[in-house]
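I have placed the structure first, in the form of structure tokens, so that the comments after it can refer back to it.
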Amino acid sequence: MKLLGKFVPVGAVILFVTGCGGGSGSSLPAADNPVSQPTGNISISLTDGPWEEARSLVLHITGVELGHAGRGVVPLEMPGGPMSVDMMQLQNGVSQALVSGMTVPVGQYEWMRLQIDLSRSHFDSSTCDRHNMQMGANASGGLEIRQFFEITESSHEEFMLDFDLRQGVHRHDMGMMGNRYELHSAMRLIDMQD
């Protein structure tokens, strides 16, 4: 009897713990439970090519989003929060890290997008005139590149967004109203491990 008395409380504790576990999020189907989903890591940097018509082009980047083929939009947190980046300083091999080692679901991705706050962005021409910008028709949701890439389990993928200012900033002559500048998506995605 004495031996049995030692095991009964242990069995009761096991039953109690098992019973309590049912109320947690573990009852979600595997597809809906992020804990059960395999993940990989991603790092994203930004660079630019030279453009003679600008002294500076400052973009205030508020976020990075990925388009997962099966899960929709995957927002990525920028470690330092929103940042202002002078694209003219990102030349000749210089880049700006946006996301470093962020954990994301594995799978196929279809696009990558930079969220831009144009109220805090500007373009300074080579003649020192400062201009505000508007989003062009192909950039209404942000600066986006549509290109397939894959994140595999436990991998660390590194990508560079190479923005082409010559193609990305369009000047429209508005006559007496001056010039209007539009920002368009003109980037290529470079896999740094290729």
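The values are calculated or read from the model by the stated rules, or taken from the named source; none is laboratory data. Keep in mind that this is a model prediction, so the values were computed, not measured. All Cβ positions, glycine included, derive from the backbone under ideal geometry; neighbour counts span all protein chains shown. Protein only, heavy atoms only, side chains kept; ligands, DNA and RNA dropped before computing areas. Shrake-Rupley method; radii C 1.70, N 1.55, O 1.52, S 1.80 Å.
The condition of being of a type in the set (A, V, I, L, M) and either in contact with an Asp or Glu (Cβ under 7 Å, 6 or more places away or on another chain) or open to solvent by 30 Å² or more (accessible area, probe 1.4 Å) (or both) does not hold for residue 66. Remark: pairs (first residue in the range 153-173, more than 20 Å from residue 50 (Cα to Cα) and free of Cβ contacts under 8 Å to residues at least 60 places away in the same chain; second residue of a type in the set (Ser, Thr, Tyr) and assigned to a strand (DSSP E or B); Cβ separation under 8 Å; 6+ apart in sequence or on different chains) = 172/181. Note on the range 168-187: residues that are in contact with a strand residue (DSSP E or B) (Cβ under 9 Å, 6 or more places away or on another chain) and not in a strand (DSSP E or B) amount to 6.
On the stretch given as the range 87-99, residues that are modelled with pLDDT of 95 or more and not hydrophobic (A, V, I, L, M, F, W, C) total 2. Can you give me the number of residues within the range 141-162 that are open to solvent by 30 Å² or more (accessible area, probe 1.4 Å) and outside any strand (DSSP E or B)? Number satisfying all stated conditions: 4.
For residue 95, the stated conditions hold: it is open to solvent by 40 Å² or more (accessible area, probe 1.4 Å) and on the phi < 0 side of the Ramachandran plot. Pairing each residue of the range 100-126 that is on the phi > 0 side of the Ramachandran plot with any residue that is at pLDDT 95 or above and in a strand (DSSP E or B), provided the two are 6+ apart or on different chains, yields C-beta distances under 6 Å for 101/41; 101/43; 107/68. Looking at the structure I just gave you, is residue 112 touching a Gly at 6+ places or on another chain (Cβ under 8 Å), of a type in the set (A, V, I, L, M, F, W, C) and part of a strand (DSSP E or B)? Yes; evaluated as a whole, the condition is true for this residue.
The residues on offer are 104, 85, 73, and the sole one that is surrounded by 17 or more Cβ atoms within 10 Å (Cβ to Cβ), closer than 29 Å to residue 152 by Cβ and aliphatic (A, V, I, L, M) is 104.
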